[in-house]
Structures are given as C-alpha cells and as structure tokens.
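Derivation of every value follows stated rules applied to the coordinates shown; laboratory data play no part. Nothing here was measured: the structure is a model prediction, and the numbers come from that model. When we count neighbours, we look across all protein chains shown, and the Cβ atoms used for this are built from the backbone with ideal geometry, even at glycine.
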Amino acid sequence: MKKVPYRVYLDEQELPKQWYNIQADMPVQCKPALHPQTQQPIGPEDLAAIFPMELIKQEVSQERYIDIPEEVQEMYRSFRPSPLCRAYRLEEALGTPAKIYYKYEGTTPSGSHKMNTAIPQVYYNKEAGITRLATETGAGQWGSALSIAAQMFGLECMVYMVRISYEQKPYRKSLMQTYGANVVPSPSNQTNAGRAILEKDPESLGSLGIAISEAVEDAATRKDTSYALGSVLNHVILHQSIIGEEAIKQMEKIDEYPDMVIGCCGGGSNFAGISFPFMKNNIKDGAKTRFIAVEPAACPTLTKGKFAYDFGDTAKMAPITMMYTLGHDFVPEGIHAGGLRYHGESPLVSQLYHDGLIEGCAVPQTKVFEAAIQFARAEAILPAPESAHAIQAAIEEAKKCKETGEEKTILFALSGHGHFDLSAYEAYLSGKICDVEYTEDMLNEGLRCVPSIGCK
Ligand SMILES: *Cc1c(COP(=O)(O)O)cnc(C)c1O
C-alpha cells in the first residue's frame with residue numbers, strides 16, 4: 001500500500017464553510033472598473049441591471065472570508081470535495097523524483113469546476129426574485145454548469161454558445177438542452193450585438209467576447225433576467241476558492257504543501273481558485289510557493305498581452321477593467337481548447353501577475369495534446385484540452401526535477417474531463433491539429449482597439 005493514498009478526500013464536516021477573498025490581502029488593489037460609456041468608475045447601480053445585489057457586494061468586498069450560504073453548502077455536499085489525487089503512475093512514467101498532485105474537478109455533475117460558481121450564482125439570483133438567466137458559453141462547460149444549476153433551483157436558462165464550439169461539440173448543446181436550457185449559436189440574430197456581427201461577417205465563428213455582448217444585452221433588456229458569467233469576475237473567483245480551500249485541508253491530511261501550484265488560464269477562475277488560498281500564505285506568512293498560469297500560445301493574454309483598461313466584450317457593453325488583454329476585437333484562432341479563447345483576463349489575476357506574484361507560460365496545442373495523452377495513458381483520466389495545458393506545464397516542471405534531482409511537490413488543477421472533447425482528440429490522433437502562431441502583427445492589430453485610459 002502507498003503511504004499517501006491515490007485519492008485524498010474530506011469528511012462532510014471538514015468541507016469549507018467560507019470562501020476566501022484575495023481582495024483582502026492583495027499588496028496592490030485592482031484599479032476600479034469603469035462604465036463602458038462614461039468611462040467613470042462603475043457603481044453598484046450600474047451593475048444592478050444585470051446582477052443581483054449580493055453578487056455585486058461580493059464583487060467589491062474587502063472581507064477576507066465570506067460565508068457560504070447553507071443552501072449552497074448543501075448543494076456542494078452532493079458532489080464535493082473533489083478528490084486530491086497523487087499521480088503515482090505519471091511520476092513513474094516520467095521517472096521524476098517530484099511528487100505530483102492534482103485536484104480533479106471533473107467529478108462535478110457538469111464535468112468541470114464551473115459548477116462551483118454556477119450554484120451560488122443561481123442561488124443569489126433566485127433569492128433576489130430573478131427567474132431567468134442569460135449567459136454565454138465557449139467550450140460549453142459553463143453553459144452546462146449553469147443549465148444544471150438553473151434546473152436545480154428552478155430558473156430558466158438562455159445560453160449563447162460560440163458558433164465554432166456549437167459546431168465542434170453538438171453533444172454539449174444536447175446536454176444543456178437535457179437540463180432544460182435554450183441554446184443558440186452566437187453570433188445569433190436574437191440580439192442587436194449578434195445581428196451587427198452577422199451583417200459584417202455572416203460566416204463569423206464567434207468568440208467569447210461576442211457571446212458575452214449578446215447575453216449582457218439580453219439581460220439588460222429584460223426585467224426577469226440576470227446575466228451570469230462563468231469566469232473573470234471577482235465573485236466567480238471568490239466562489240472558486242473552494243478548490244484551494246479544500247486542497248489546503250487535503251494536503252494537510254497527508255503532511256504536504258506545494259512548492260508550485262499550476263492551473264490553465266482562460267478567464268483565470270480555476271487557476272485563481274486553486275492558487276489564491278495558498279497565495280494568502282505567501283503574502284501573509286512568507287511561504288515561497290510558485291504560481292504558474294498556463295495559457296494557449298494562440299491566445300497568450302498574460303504572456304504577450306498589454307496591462308491596460310479594456311472592454312470585457314466585443315460590443316463594448318461590459319465594464320472596462322484593468323487587465324491583461326489582446327484587444328477586445330481579437331478573435332483567437334479556432335483552437336481546440338475553446339474555454340481558453342478569451343481576449344482578456346481576470347482583473348485579480350492580472351494585477352497579481354503584474355505585481356510578480358504569478359508566473360505565466362504559453363503552450364502550443366500539439367504539445368498540449370501530447371501531454372493530455374501521456375496523462376490519460378498513465379492516470380486513466382481523459383483530461384479536457386483546457387486542463388491539459390496545466391498538465392503540460394506540470395510535466396515540464398517534473399522533468400526539470402528529474403534533471404536537478406529535486407523532490408519538489410507539484411500541485412495542479414485538473415479543471416475538467418474531456419468526454420465532450422473527443423472530436424478534438426480525434427483531430428489530434430489523425431494528425432489534423434497544427435500549431436497556430438500568435439504574431440507581433442496580431443498583437444499590434446489587436447491593441448489598436450484598446451482605449452487609452454490612464455495607462456500610459
Ligand atoms: C472554462 C474552463 C476553463 C477556463 O476557464 P478559467 O476561468 O480560466 O478556469 C478551464 N478548464 C475547463 C475544463 C473549463 O471548463
């Protein structure tokens with residue numbers, strides 16, 4: 001028998017009862033979000049048209065810990081904790097002295113970490129008397145999670161799904177419909193934002209930026225409807241801290257503490273979710289853990305983008321936030337990690353990256369699939385292509401340990417399973433996936449649309 005079990009769980013009474021809010025501990029606070037039209041700091045009233053007040057309060061809260069409502073805890077208990085897994089077989093395959101752990105979020109009903117925020121978001125909306133939610137989805141993971149959560153609490157769910165994913169992943173659409181959601185490909189002809197894009201480019205593959213515009217417009221124009229976002233925002237990142245809060249307790253049980261924490265980074269929520277509770281110990285207690293955010297080379301927001309005020313969406317309806325951005329008009333190539341195709345980044349992750357608390361790296365997709373297959377063959381779990389970015393970086397770090405002989409402890413977030421991504425695996429296995437270059441020209445072109453607001 002292994003000294004550390006393959007999987008570490010928590011008892012029900014050990015489950016975290018509070019979320020961790022890094023806003024209480026950041027060395028430098030984020031700059032305020034600005035109104036898309038007036039470019040003045042945004043107030044709660046501005047957000048009230050699309051979000052319930054409790055979520056708006058969480059968005060700007062400076063409290064270190066926020067209680068998880070009992071109803072949300074009850075829902076969490078039905079699928080949490082997610083297991084903390086020791087990757088013994090991957091370690092062996094790599095011949096590394098490193099100890100590799102991963103927190104596996106694929107065990108939630110939707111198959112990814114997105115359930116962790118879908119549940120509280122639906123809960124707070126229901127409490128506020130909202131009966132319908134509008135959202136966008138890229139790879140379909142967020143739309144699935146929100147569809148399930150909306151069904152659990154009896155709310156309607158309207159999903160604008162990025163067209164390329166709609167076509168690449170028809171089963172994701174069926175899954176959302178199974179849970180009662182209404183799903184349309186974005187750009188759609190149901191909103192002004194969608195119609196404007198279609199007029200210019202009837203073949204548009206869509207992007208998260210465009211789909212966000214459609215969902216925000218939907219919510220802003222209907223009283224019964226709120227908008228829900230699956231990443232980026234502070235309240236989403238707050239909810240995802242459940243991952244790291246559990247991981248801390250699970251690692252304590254086996255007397256471990258990570259030398260590095262790794263996560264793939266689209267909008268930043270799973271990375272932040274697993275990292276921030278550990279980062280608190282770096283900030284407050286001098287712990288020396290490294291935090292590595294991994295992004296696709298085709299959409300290298302942190303590693304190549306600019307730290308600037310930019311719009312969260314293409315139609316400039318979402319707030320302007322200070323973040324790393326490739327430009328709100330940038331439409332990334334149709335790479336197979338749809339959940340990582342976003343032009344921007346969480347303002348919290350961006351600020352902490354800017355201040356040197358986070359490292360970034362960008363990985364081309366052929367390398368990502370290589371790592372995904374190596375992981376699947378060793379650990380028997382089929383990872384989502386998004387999650388495989390974190391795997392790739394973890395494998396690289398483990399190989400470095402092999403060279404130096406260091407017995408480092410690596411923890412990464414396995415944000416979801418890849419059961420709905422088999423067309424991507426099929427493409428890779430039949431040699432149809434190639435690397436998409438992100439060029440200096442693309443960056444310059446993308447940055448042309450970034451407004452110049454106090455960031456020179
Ligand atoms: C959505 C998604 C991501 C990317 O979103 P983040 O907010 O950066 O976490 C990563 N992995 C999976 C499985 C996803 O569904």
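Percent antiparallel among DSSP beta bridges with both residues in the chain, to the nearest 5? Show your work: numbers first, answer last.
Working: 18 of 51 bridges.
Among the beta bridges of the chain, antiparallel pairing accounts for roughly 35 percent.
Cα centroid separation, the range 66-143 to the range 425-456: 28 Å. Panel values: the range 116-207, Kirkwood radius from alpha carbon pairs, Stokes-Einstein at 4 °C and 1.567 mPa s, translational diffusion coefficient 97 µm²/s. Assuming 0.692 mPa s and 37 °C, estimate D for the range 1-42 with Stokes-Einstein, Rh taken as the Kirkwood radius over Cα pairs, in µm²/s. Reported coefficient: 215 µm²/s.
As a ratio to 2.2 N^0.38 Å, the alpha-carbon radius of gyration computed for the range 273-420 takes the value 1.10.
Evaluate E = 1/(1 + (r/R0)^6) for residue 60 and residue 128, where r is the Cβ-Cβ distance and R0 equals 22 Å; express this FRET efficiency to the nearest 0.05. Provide the component values of the computation, followed by the final result.
Numbers: r = 17 Å, r/R0 = 0.77.
My answer for the efficiency is 0.80.
The orientation-averaged shadow of the Cα convex hull for the range 130-183, equal to a quarter of the hull surface, comes to 2.9 nm². Computed from the Cα positions only, the extents of the range 1-134 along the three principal axes stand at 60, 34, 26 Å, in decreasing order. Here 208, 422 are placed in order of increasing Cβ neighbour count within 10 Å, fewest first, which gives 422, 208.
For the range 399-456, dividing the convex hull volume of the Cα atoms by the residue count gives 282 Å³ per residue.
What is the Cα centroid distance between the range 345-405 and the range 1-35, reported in whole angstrom? Comparing the Cα centres of the range 345-405 and the range 1-35, I get a distance of 20 Å. Each principal axis of the Cα cloud of the range 160-274 was evaluated for its coordinate range; sorted largest first, these ranges are 58, 33, 29 Å.
Which ordering of 357, 348 is given by a fewest-first count of other beta-carbon atoms within 10 Å?
Values: 357 20, 348 25.
With the fewest neighbours first, 357, 348 line up as 357, 348.
Mind running the shape call on the range 333-456? Use the C-alpha gyration tensor, a ≥ b ≥ c as the square roots of the eigenvalues: rounded below 1.5 for a/c, prolate if a/b tops b/c, oblate otherwise. Cα axes put the range 333-456 in the oblate bin. The stretch between residue 2 and residue 79, if pulled fully straight at 0.36 nm per residue, gains 25.2 nm over its current Cα-Cα span.
How would you rank 212, 254, 148, going from fewest to most other Cβ atoms within 10 Å of each one's own Cβ?
Values: 212 30, 254 14, 148 24.
The most exposed by this proxy come first: 254, 148, 212.
Its alpha carbons considered, the range 17-96 gives a radius of gyration followed by a Dmax of 19.5, 57 Å. Note on the range 73-161: Cα convex hull, mean projected area over all directions, 6.9 nm². Histogrammed with a bin width of 20 Å, the alpha carbon distances of the chain distribute as 27, 62, 11, 0 percent, first bin at zero.
Would you work out if the range 164-215 is rounded, prolate or oblate? Take a ≥ b ≥ c from the square roots of the eigenvalues of the alpha-carbon gyration tensor; rounded if a/c is under 1.5, else prolate when a/b is larger than b/c, oblate otherwise. Prolate is the answer for the range 164-215, as a/c is 1.5 or above and a/b outweighs b/c.
Classify the range 234-284: rounded, prolate or oblate, from the alpha-carbon gyration tensor (a ≥ b ≥ c, eigenvalue square roots; a/c under 1.5 rounded; otherwise prolate if a/b is larger than b/c)? Because a/c hits 1.5 or more and a/b exceeds b/c, the range 234-284 counts as prolate.
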